[in-house]
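Right, one structure below, let's go through it.
Readers should treat all values here as calculations from the given coordinates under stated rules, not as data from a laboratory. Note that this is a predicted model, so its numbers are computed, not measured. Cβ placement follows ideal geometry from the backbone for every residue including glycine, while neighbour counts extend to all protein chains displayed.
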Ligand code: BEZ
Ligand code: FE
């Protein structure tokens, strides 16, 4: 067949990709062609706009290296990451909701004893984090491995300020005790803008959006027999809860981080300045 035009090009491409031997590839290719062509038909781009789109994707690729993944940031800021997450994490009652992983997770953080201060020497308001990991019926999960990471009080992760913080600051791995409990000390993180010095930042600006995320602490919790949970706990009252640049906020993940005067902390140590506490009990979904 030849002489493709507006009226027949979509069906012609669908017909061509229908030869894909793998059924999933066939279905994905067909949906891709249908939706992409529908988008182009709706937009009716000029050649200049089409070139700008190709240029945007090219710059997005050029922005990527082993530390920066601009395509994931694009997926995050267009709500695609949260949509994929929602489709893949339909949680039963009693299981904690998930949210985006983000680019600042570092695998193989050192495992530390419960109670460790993971922000030694870093300026900020002390914060004592504690909680419990259980199954959806509330039965404790002992030995669950908790990766936790968060920003400093200026909104920067250790990996963004290696000169100042070094590796593995404000991040660590803990293991729940026999009652499924964990606790550690750190500093209170701040809201921060996602990396916006590249094409995604320019897209946000063009769309009249800000790049900020509300203050949060990341958790990744793994235990044999359960789905690994990737989530955050957000601070109640943060000004960006309703406009998170990556759409990651869920009501069930928001907690008060109460402030306390100087005195005895929850871990029994004396603290000579006001401090915050954060408590969250996580539920893990049994593996299929
Ligand atoms: C984060 O919370 O670390 C994050 C998530 C998505 C994009 C950028 C940062
Ligand atoms: Fe984060």
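Take 133, 17 and order them by how many other Cβ atoms sit within 10 Å, fewest up front. Mind showing how you got there, number by number?
Values: 133 30, 17 15.
In increasing order of surrounding Cβ atoms, one gets 17, 133.
Å³ per residue of the Cα convex hull, for the stretch 136-228? Before the final figure, lay out the partial values.
Working: hull volume 13.5 nm³, N = 93.
Per-residue hull volume (Cα only) is 145 Å³.
Let a ≥ b ≥ c be the square roots of the eigenvalues of the Cα gyration tensor of the stretch 66-139; is it rounded (a/c under 1.5), or, if not, prolate (a/b larger than b/c) or oblate? Intermediate results must be reported in sequence, preceding the final value.
Details: a/c = 2.39, a/b = 1.16, b/c = 2.07.
It comes out oblate by the Cα gyration axes.
Relative contact order, percent, of the stretch 143-288 when contacts are C-alpha pairs under 8 Å separated by at least 6 residues?
Details: 249 pairs, mean separation 28.8, N = 146.
20 percent.
May I ask you to order 142-150, 175-183 by the average number of other C-beta atoms within 10 Å around their residues, highest value first? Write out the running numbers ahead of the final one.
Working: 142-150: 20.3, 175-183: 17.0.
For the peptides 142-150, 175-183, the packing ranking is 142-150, 175-183.
Which angle between 0 and 90 degrees, to the nearest 10, do you get for helix 23-43 versus the longest principal axis of the chain when only C-alpha atoms count?
The two axes meet at around 80 degrees.
Please determine, in degrees from 0 to 90 and to the nearest 10, the orientation of helix 47-62 with respect to the longest principal axis defined by the Cα atoms of the chain, where the helix direction is its Cα long axis.
Around 40 degrees separate the two axes.
Using the Kirkwood formula on the Cα atoms of the stretch 1-44, what hydrodynamic radius do you get, in angstrom to one decimal?
Numbers: mean 1/r = 0.0913 Å⁻¹.
Its Kirkwood hydrodynamic radius stands at 11.0 Å.
Please arrange 157, 226 by how many other C-beta atoms lie within 10 Å of their C-beta, fewest to most. Provide the component values of the computation, followed by the final result.
Values: 157 23, 226 19.
Least to most surrounded, the residues fall as 226, 157.
Contact order normalised by length for the chain, with contacts defined as Cα pairs under 8 Å and 6 or more residues apart; what percent is it? Don't skip to the answer; put the middle values down first.
Details: 519 pairs, mean separation 57.8, N = 288.
So the answer I get is 20 percent.
Can you bin the stretch 80-283 into rounded, prolate or oblate? Criterion: square roots of the alpha carbon gyration tensor eigenvalues sorted a ≥ b ≥ c, rounded for a/c under 1.5, prolate for a/b above b/c, oblate for the rest. Could the numbers behind the result be given before it?
Numbers: a/c = 1.61, a/b = 1.14, b/c = 1.41.
In terms of gyration-tensor shape, oblate.
Label the stretch 193-259 by shape, choosing from rounded, prolate and oblate, from the square roots a ≥ b ≥ c of the eigenvalues of the Cα gyration tensor; if a/c is under 1.5 it is rounded, and otherwise prolate applies when a/b is larger than b/c, oblate when it is not. Don't skip to the end; give the middle numbers.
Details: a/c = 2.88, a/b = 1.54, b/c = 1.87.
Taking the square roots of the gyration eigenvalues as a ≥ b ≥ c, the stretch 193-259 is oblate.
Taking each pair of distinct Cα atoms in the stretch 1-92 once, what is the resulting Kirkwood hydrodynamic radius in Å?
Details: mean 1/r = 0.0621 Å⁻¹.
For the stretch 1-92, inverting the mean 1/r across all distinct Cα pairs yields 16.1 Å.
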